[in-house]
């Protein structure tokens, strides 16, 4: 049994840089949890603090329910696999795998037996007499895995172990690592910046941004219902289409989402309409994944967006068309911060008065105050850049269209995502 718990853990470097900001996280026994995020987001620092290689500035870390901050690394029963393999170049493969056992004082006979078992399981039994310099990248990675496994730890920590390998080998080793850890039943924390690794390997994914935990859930949950605008933009290929929309409530009829030159209409009997009614007269971000868009005939009625193809990308198994639909896109920028924008008050919101209060449960003054005082990310040129939308649509391979060709796409309204000006998801019971 091995569980991990982080309780409001923070790490500040000596120069004042905040690497990890009050992260709380629970890893279950036998779970394969992936920490996902761009370089510098704090995911490797979390692993190093759990291993005892770094001390947190604040917070607590528990292994199997017991605090370990005062416990030396060698007593934590943790095995760590590093990005650069960290093999001893003067030792053979067998010597590298068996080195932790030698340090533990295990006799040569049992030691050799365990080395052979692990090497056989990893498919490197025939290279035990070679040195790391004589191995391929994939073989060196298997040796690093073997050295961790042979200790029979309670917890695996893997810090981007596949990032130095080519794409074909990464795909092969992804399957091997997940299969092996599940067969052993070992709790695993795996760090990567590659969303394909995260979504294919993990039981749960924790997405980090600038030291802050943004979202955590199964791959289906974080992809299908991202908690923040950042997570929505980070996951998916092609990226989610993020469009600026103005919200207008038509009581007992629908909520109109004005996307520049066109609009989509959410029926009033859709439970999400009640949430969006809070944003009447304001701007939000609407997210549409490519799979929510289907090419249709130009005269098709209903929830349809029409535009012209800006350019095409051909990927062999499919083509992607990027449409100009007259909307404004929100491009998430990793570096910037929000700025305060004073929204215009007056006529538009006041027209609804008591009717809007009945729907939202808020007074007219509260509606106006909210619009005037919120910090908006929709107008911040640093964090979110406004530009003409290029709506990504999946098509059959090499379609008979070209740049400038008109195209209409049907929109699955049940697959829309909504985010407020803070970048937080707008929804009822979103988890």
Handout entry: Estimated distance in nm for a label pair at residue 152 and residue 250, the labels positioned 7 Å out from Cα along Cα-to-Cβ
Key = 7.0
Exercise for the section: Determine, for 398, 248, the number of other Cβ atoms within 10 Å of each Cβ, and report the residues in order from fewest to most. Expected result: 398, 248
Handout entry: R0 of 60 Å, Cβ-Cβ distance residue 271-residue 113: FRET efficiency to nearest 0.05
Key = 0.50
Exercise for the section: Would you please give the FRET efficiency between residue 306 and residue 387, computed as 1/(1 + (r/R0)^6) with r the Cβ-Cβ distance and R0 = 25 Å, to the nearest 0.05? Expected result: 0.80
Problem - Helix axis angle, 167-184 relative to the chain longest principal axis, alpha carbon, degrees - result: 70
Fill in the blank from the handout: Each label sits 7 Å from Cα toward the beta-carbon; between residue 422 and residue 183 the label points are separated, in nm, by 4.7
Handout entry: Percent antiparallel among DSSP beta bridges (both partners in the chain, rounded to 5)
Key = 80
Practice task
Compare 236, 224, 105 in a GNM of the chain, Cα atoms joined below 10 Å, and give the one with the largest fluctuation.
Solution key: 105
Problem - Point-to-point label distance, residue 237-residue 60, nm (Cα→Cβ direction, 7 Å offset) - result: 4.2
Practice task
Give the relative contact order (percent, whole number) for the stretch 1-88; include only Cα pairs under 8 Å separated by 6+ residues.
Solution key: 32
Practice task
For helix 108-122, report the angle its Cα long axis makes with the longest principal axis of the Cα atoms of the chain; keep it between 0 and 90° and round to the nearest 10°.
Solution key: 30
Exercise for the section: Can you run the Rg to Rh ratio on the chain? Use alpha carbon positions and the Kirkwood inverse-distance Rh. Expected result: 1.06
Practice task
Take every Cα pair under 8 Å in the stretch 4-226 that's 6+ residues apart, average their separations, divide by the length, and report that relative contact order as a whole percent.
Solution key: 30
Exercise for the section: Taking only Cα atoms and a 10 Å spring cutoff, compute GNM fluctuations for the chain and point out the largest among 396, 415, 321. Expected result: 396
Completion exercise
With the 8 Å Cα cutoff and a minimum separation of six or more residues, the chain has a relative contact order in percent of 15
Exercise for the section: Counting residues in the stretch 61-184 as N, plug N into 2.2 N^0.38 Å and put the Cα Rg over that result. Expected result: 1.07
Practice task
Please give the residues of the stretch 179-197, grouped as numeric ranges, whose backbone N is less than 17 Å from a label point set 7 Å along the Cα-to-Cβ vector of residue 163.
Solution key: 189-197
Fill in the blank from the handout: For residue 412, placing the label point 7 angstrom along Cα-to-beta-carbon and taking the stretch 284-313, residues whose amide nitrogen sits under 20 Å are 286-297, 300-306
Exercise for the section: Can you grab the distance from the C-alpha centre of the stretch 276-302 to the C-alpha centre of the stretch 94-163, Å, no decimals? Expected result: 53
Completion exercise
Scaled by the rule-of-thumb 2.2 N^0.38 Å, the alpha carbon Rg for the stretch 115-249 gives a ratio of 1.30
Completion exercise
Longest principal axis of the chain (C-alpha) makes with the long axis of helix 364-373 (C-alpha) an angle, in degrees to the nearest 10, of 50
Handout entry: For the stretch 57-75 and the stretch 177-227, distance of Cα centres in Å
Key = 23
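Read-outs throughout are calculated quantities, based only on the coordinates presented, and are distinct from any laboratory measurement. In this text, all values refer to a predicted model and were calculated from it rather than measured experimentally. No Cβ is skipped: glycine too gets one built from the backbone with ideal geometry, and neighbour counts run over all protein chains shown.
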